[in-house]
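The values are calculated or read from the model by the stated rules, or taken from the named source; none is laboratory data. As the structure is a prediction and not an experimental result, all values here were calculated from the model. Here Cβ is always computed from backbone atoms with ideal geometry, including for glycine, and neighbour counts include all displayed protein chains.
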Amino acid sequence: MKIFDDWRGLPPAARGASVALGNFDGVHLGHAAVLGAAHAGRPDAPRAVLTFEPHPRAFFRPQDPPFRLTLAAERAAALEALGVDILYQLPFDASLSYLSAEAFIAEILHEGLSAVHLACGADFAFGHRRGGDVSLLASRAGALGMGLSIVPAVADAEGPISATRIRRLLQDGYPERAARLLGRPHTIRGKVMHGDARGRTIGFPTANIPLGQHLEPARGVYAVTSTINGTVVKGVANIGQRPTVGGTESRLEVHFFDLSADLYGQELSIALHRFIREERKFEGLDALKAQIAEDAAQARALLDATPPPPPYSAP
């Protein structure tokens, strides 16, 4: 998959695609339906996605707590796994925020990308102050010779599938339910940083990954997997502030089973499969060590009983 951060001066091979439009946070089943519609509209054209970085919400409301399900690298990996050939990841800044809806269509989609077909959800809004909607897009795209597929929300028995709903499930401690809406396990990707090495001293070395701008799921212990050097590795993880040792910043700490490797500096994608228990404070390191051993045994049993799916799988 080729990634471009500008719509101007694109090479010929990056123009003339069928383009799915949206933020694609999480790349869930609803997003997959939009991708499918873009391809069905012009199966002869390259498959492309146009999205933004940072997320417009983060640009307009930087004071909000982190809310992203997928940061740029993880989103790109998910889109590539779904067959996307080209990703237009446009920097969302002040100039883009002031671009009118009409200019977005004419200058970016038509002149810049030379899109042959477009696809979006029925609630897609764009342009300055979200002044454009699917009615305007249909009118202007048709006049400029671009096809358009408007995709209804994908829903299950509990309602439409959305990033908001997935966030709520993760914050309530239901990663397995979130996975059903995503089409794959929810993942947190980040670089392994040096911690305080306390886990190693009690027999449970951990890979420490800052949450950064990721949404913080329910604090507590999870059964997890990660693909390391081409091999799926199982483990147990804690998300939270580590109250037993006086921690104050939330982070993800993963203890991998049957793995002895120096992971410092590596970028890992950690898939959350099951929530085991809430984070709590223990009386001391001995009590913490005993609980970690129990958590690890439970996580191993859960993962062995239900082999986890791969992090991404195309439909």
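Can you run down the residue pairs with Cβ atoms below 8 Å, 6 or more apart or on separate chains, where the first is in the range 92-112 and closer than 15 Å to ARG57 by Cα and the partner is acidic (Asp, Glu)? Pairs found: PHE92/GLU53. For the range 93-123, the candidate set comprises residues that are under 27 Å from the mean Cα position of the chain (by Cα) and not hydrophobic (A, V, I, L, M, F, W, C); within that set, the residue that is nearest to PRO46 (Cα to Cα) is HIS117. Of all residues in the range 1-39, how many are part of a loop (DSSP other than H, G, I, E, B) and either over 13 Å from VAL116 (Cα atoms) or not assigned by TED's automatic domain parsing to the domain that holds PRO66 (or both)? Final tally of qualifying residues: 15.
Of the residues screened, ILE166 is not one that is at pLDDT below 95 and of a type in the set (A, V, I, L, M).
For (1) among the charged types (D, E, K, R); (2) in a helix (DSSP H, G or I), each residue gets a yes or a no:
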site	(1), (2)
ILE105	no, yes
GLU111	yes, yes
ALA115	no, no
LEU136	no, yes
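Here is a check on your reading of the model: is THR70 in contact with a Gly (Cβ under 6 Å, 6 or more places away or on another chain) and either surrounded by 16 or more Cβ atoms within 10 Å (Cβ to Cβ) or not in a helix (DSSP H, G or I) (or both)? Answer is yes for this residue.
Just one of the listed residues (PHE67, PHE126) is among the aromatic types (Phe, Trp, Tyr) and either free of Cβ contacts under 8 Å to residues at least 60 places away in the same chain or out of contact with any Phe, Trp or Tyr (no Cβ under 9 Å at 6 or more places or on another chain) (or both), namely PHE67. Does ARG274 count as closer than 21 Å to TYR174 by Cα, assigned to a loop (DSSP other than H, G, I, E, B) and basic (Lys, Arg)? So ARG274 fails the test. Within the range 149-179, restricting attention to residues that are touching a residue at least 60 places away in the same chain (Cβ under 8 Å) and assigned to a strand (DSSP E or B), the residue that is nearest to the chain's Cα centre (by Cα) is PRO160.
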